Amino acid sequence: MRHLLKSGTLTIIAVMLGISMAYNAVGQPVIEKKKTIKQANQALNHAMVHVKGGCYEMGDTFGDGSTDERPAHTVCVKDFDIGKYEVTRRQWRAIMKNNPSFFSRCGDDCPVEGVSWYDAQEFIRKLNKKTGRNYRLPTEAEWEYAARRGGKEERWSGTSDEQELGEYAWYDANSGNSPHPVGQKKPNGLGIYDMSGNVWEWVQDIYKYAANTADSMSNREKTGSVSRGGGWKAKPTDARASNRFYAHPGHRYNNQGFRLARTR
């Protein structure tokens, strides 16, 4: 599905959030208020991509990355699920009852932005309570593994050719200085959308300068939380799959969002 969000996808998202949809005479969705936990869980399953675990070389494998991406090193991840799309404003509002996003003109199917790492954790806590499942943020290793099509040597999520980047990502050259609805670009080789560009994505990890060393400072307030993927104003080098960014977990940016993960 290259172009989001036909009525069927809207229905999946609505069910995912524990609500049901009917349609009026002109085919527009009408929200009703009842859906079961079972239906919500089934729809969440459809919105996730299963990623088979394995070992890969995490970090700068092209020789053009920052020093905190080096040296590339072997990391192994277990099977996990990850969201096809970044969490949207529609999804956020259904759980949190507010819209923190800076870009008011971008619609409900745009990724939620303006959320801190702590905000994302609170959303996940409430979502898990609602669905009875154990959703979470992906780890940094899982995120890069999924972005790189199961650890393949790819510079961006979906391609290593900068001439093709615009087919997969919203970034500084084509975004018009704003985020866009999720799923409008090509997915990567695993069927996951927008892992390069659109909004930066919080991951679970505390930042450590060398990604392959033990965490010498476990205080998230001091070392920061990791963010991946680049955003709508990212330059190509910032949207690379191995690029790492960190920020205080309480900060909120207009190009910062997240996607869900789940352990199998």
Among the residues of the range 143-194, count how many are small (Gly, Ala, Ser), touching a strand residue (DSSP E or B) at 6+ places or on another chain (Cβ under 8 Å), in a loop (DSSP other than H, G, I, E, B) and open to solvent by less than 10 Å² (accessible area, probe 1.4 Å).
1
Among (1) out of contact with any Ser or Thr (no Cβ under 6 Å at 6 or more places or on another chain); (2) of a type in the set (Phe, Trp, Tyr); (3) more than 21 Å from Val75 (Cα to Cα) - the single one Trp200 does not satisfy:
(1)
Hey, does the range 216-227 have a residue that's more than 19 Å from Ser101 (Cα to Cα), in a strand (DSSP E or B), among the acidic types (Asp, Glu) and open to solvent by 10 Å² or more (accessible area, probe 1.4 Å)?
no
Return yes when Gly132 is closer than 21 Å to Gln184 by Cα, more than 13 Å from the chain's Cα centre (by Cα) and surrounded by fewer than 21 Cβ atoms within 10 Å (Cβ to Cβ) and no when it is not.
no
The condition from (1) closer than 18 Å to Leu127 by Cα; (2) without any contact (Cβ under 8 Å) to a residue 24 or more places away in the chain; (3) open to solvent by 40 Å² or more (accessible area, probe 1.4 Å) that Arg90 misses is numbered (2)
When you scan the range 113-127, do you find a residue that is more than 15 Å from Phe258 (Cβ to Cβ) and either in contact with a helix residue (DSSP H, G or I) (Cβ under 9 Å, 6 or more places away or on another chain) or surrounded by fewer than 18 Cβ atoms within 10 Å (Cβ to Cβ) (or both), even just one?
no
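The values are calculated or read from the model by the stated rules, or taken from the named source; none is laboratory data. Since the model is a prediction, treat every value here as computed from it, not as a measurement. Note that we place each Cβ from the backbone using ideal geometry, even for glycine, and neighbour counts take in every protein chain shown. In case anyone asks, the SASA skips ligands and DNA or RNA and just uses the protein heavy atoms, side chains included. Shrake-Rupley method; radii C 1.70, N 1.55, O 1.52, S 1.80 Å.
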